[in-house]
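Everything below concerns the one structure shown next.
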Amino acid sequence: MTFLAPAVLLALPAVALPILIHLVNDRRFQTVDWGAMRFLLAARKMARGFSRVRRWLILLLRTLAVAAAVVAVARPLSRGWLSAVAGERGGAIVILDRSPSMQEAAEAGGDSKLAAARRAVADALETMGTGRVVLVDSVSARPLELASPAALREIPEGEPAANTADLPRLLQVACDHLDADATAGSLWICSDQRAGDWRPAAGDWPGIRDRLVTGKRPVRVNLLAAVDSSPENRAVRVVRTAYEPTGQGWELFLDIAVSRPVDSGPVRVPVGIELGGARSTVEVELTGTGAVLRRHAIPVDPAALAATAAEGSGERTAGWGRVSIPADTNPADNEAFFTFAKAPPRRTIVVAEDAAVRRVLELAAGIPRERLLESLAEVIDPALAAAIQLDGAALLLWQAPLPEGELAARIDAFVRDGGRVIFLPPADPGAATFAGVGWGGWADHSPPLRPAGWRTDEGLLAGTGSGASLPVGELEVRRVCGIVGEGTALATLPGDVPLLLRASAEDAGVFFLATTPGPRDSDLASGGVVLYALLQRAIDDGMERLRSARQADAGAGRRRPE
């Protein structure tokens with residue numbers, strides 16, 4: 001007999017606990033002679049024999065219960081008639097998780113979780129005398145019959161891979177094979193139980209459970225959970241790239257994330273960056289379980305990029321690179337590749353009924369914040385707004401009655417796809433709403449109002465990169481249109497009247513500005529800085545959905561053809 005978890009047998013001395021408890025209880029009481037109890041003691045001696053046998057039987061059963069619990073947790077395996085009774089003499093199906101996390105070792109230089117799991121299953125199946133073995137691995141997701149359990153240790157289909165695992169899908173494949181092959185008596189799952197691989201919220205699990213329970217014959221399910229992880233394992237990835245012009249040249253901005261399973265104190269992690277044959281190193285201060293180095297800038301020479309040239313020109317518009325950290329217990333997460341590309345033109349659509357407002361918005365959105373950036377402001381008359389093309393746009397500026405019907409649905413889809421929209425009040429606010437927010441009535445203010453507060457920590461009016469605040473408090477607002485509905489006020493006027501409101505979390509890309517840059521309403525046009533910063537930041541946010549370089553996990557969502 002062998003055991004899947006032999007280390008648990010070290011707990012067998014615990015079987016002495018019932019005996020120790022029995023001895024301690026016997027010594028808790030002192031004997032005191034008392035004449036009135038003499039006849040009772042004599043009667044007790046007559047029944048002592050049976051009582052003693054009962055006590056020793058109870059003690060034996062308690063000891064055996066502890067021993068059985070320890071042995072059961074150690075997961076014993078046997079061959080011969082015992083395995084036949086347990087339903088193990090038939091064939092076995094092995095589901096193998098080959099995802100990158102299975103390459104981790106419990107200690108540096110040790111076997112990976114994947115290698116240990118393959119060896120443990122092969123040993124167990126050989127011990128039980130299992131003849132037929134079918135492998136379902138997380139890459140091919142197809143049944144593969146093996147010549148013997150020993151093949152699990154050697155076949156290429158058991159080697160590490162970059163693909164994520166989809167355990168619900170693998171179990172469905174295993175159930176299909178069980179339905180077709182009634183000789184399979186056991187199912188073995190080798191995985192480190194990562195939530196991203198098991199997808200516990202998937203709707204497939206009830207059906208999988210029913211298929212395993214109500215199959216043609218009982219199936220014993222065994223889980224080899226390779227959950228032991230090194231607390232010192234670290235992982236690196238690039239969560240965002242931005243290829244932008246600065247001054248006279250171009251720079252690549254990287255957001256680099258470093259993580260670890262547990263907090264073992266602050267540490268500085270060197271991160272190597274390779275780009276176009278050049279290598280540099282930056283240190284990331286890792287505190288807690290993760291840290292992100294934001295907007296790390298790397299000067300880039302477009303002519304030297306090892307990437308595809310733009311069609312019809314010699315200009316390099318895209319590239320790729322790699323980040324890496326020192327070797328540890330899991331080589332699979334010690335490096336990550338990234339791509340980047342020149343962003344498309346910063347396209348803004350302006351729909352405004354007031355000519356003066358239209359001109360100010362067109363200029364503020366159409367002048368790029370960097371000389372080499374391409375910006376385009378497209379002006380559309382409100383009467384023709386039903387035909388606007390939102391594909392490729394980053395920002396929609398709307399100073400007209402709020403859209404309704406099919407047009408509102410198209411704008412809502414644009415926002416949910418990552419676009420941004422800023423509504424400015426029209427001359428006649430009307431009763432329509434968008435994202436649960438609508439317009440109230442206009443109110444004149446003399447003397448003009450000045451903003452009483454605004455969010456400097458986030459949003460369109462946050463402080464600059466140097467820490468300075470935008471001069472929002474210097475604005476003069478002469479006319480205000482009330483904003484009716486729930487949202488987050490990014491700027492307020494005296495009396496907590498919203499000046500700039502962001503809609504609810506579900507529509508976080510929708511903003512309402514309670515005045516316009518028209519000369520009758522405010523000095524947003526003459527002040528310039530606040531309106532320009534507000535619009536350019538909204539464009540930056542809307543451009544995220546248009547970037548051609550995006551973060552992706554290898555193998556995620558991938559399906560092989562049937």
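Is the shape of segment 253-301 best called rounded, prolate or oblate, per the rule: a/c under 1.5 gives rounded, else a/b larger than b/c gives prolate, else oblate, with a ≥ b ≥ c the square roots of the Cα gyration tensor eigenvalues?
Details: a/c = 3.15, a/b = 2.33, b/c = 1.35.
Because a/c hits 1.5 or more and a/b exceeds b/c, segment 253-301 counts as prolate.
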field: Whole-Å distance, taken between Cα centres, linking segment 461-513 and segment 127-169
entry: 58 Å
Karplus-derived HN-Hα couplings along segment 417-431 (A = 6.51, B = -1.76, C = 1.60, θ = phi - 60°), whole Hz, x at Gly and Pro: 7, x, x, 10, 9, 10, 9, 10, x, x, 4, 10, x, x, 10
message: Rounded, prolate or oblate, given the Cα gyration tensor of segment 401-517, with a/c below 1.5 counting as rounded?
response: oblate
field: Solvent-accessible area, 1.4 Å probe, carbon plus sulfur percent, for segment 203-274
entry: 54 percent
- line: SASA check, Asp123, accessible area w/ 1.4 Å probe, all protein chains in place, rounded to nearest 10 Å², comes out at 70 Å²
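Seen from all sides and averaged, what is the projected area of the convex hull of the Cα atoms in segment 96-241, in nm²? Could the numbers behind the result be given before it?
Values: hull surface 40.6 nm².
Spelled out: convex hull of the Cα atoms, projected over all directions, averaged, 10.2 nm².
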task: Rank by packing, highest mean first: peptides 347-354, 495-502, with packing defined as the count of other Cβ atoms within 10 Å averaged across residues.
output: 347-354, 495-502
message: Show me, for segment 232-240, the HN-Hα J-couplings you get by feeding each phi into the Karplus relation (A = 6.51, B = -1.76, C = 1.60, θ = phi - 60°), rounded to Hz, glycine and proline as x.
response: 9, 5, 10, 10, 10, 7, 9, 8, 7
- request: Determine the per residue accessible area of segment 357-473 with all protein chains present and a 1.4 angstrom probe, expressed in square angstrom.
  value: 47 Å²
Largest-first principal axis extents of the Cα set of segment 138-179 (Å): 27, 25, 11
- prompt: For segment 530-537, what does the Karplus curve 6.51 cos²θ - 1.76 cosθ + 1.60, with θ = phi - 60°, yield as ³J(HN,Hα) per residue in whole Hz, taken in order and with x for Gly and Pro?
  reply: 5, 5, 5, 4, 4, 5, 5, 5
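The values are calculated or read from the model by the stated rules, or taken from the named source; none is laboratory data. Fair warning: this is a prediction, and the values are worked out from it, not measured in the lab. Glycine also receives a Cβ, built like all others from the backbone with ideal geometry; neighbour counts cover every protein chain displayed. Surface areas here come from the heavy atoms of the whole protein model, side chains and all, with no ligands, DNA or RNA. Shrake-Rupley method; radii C 1.70, N 1.55, O 1.52, S 1.80 Å.
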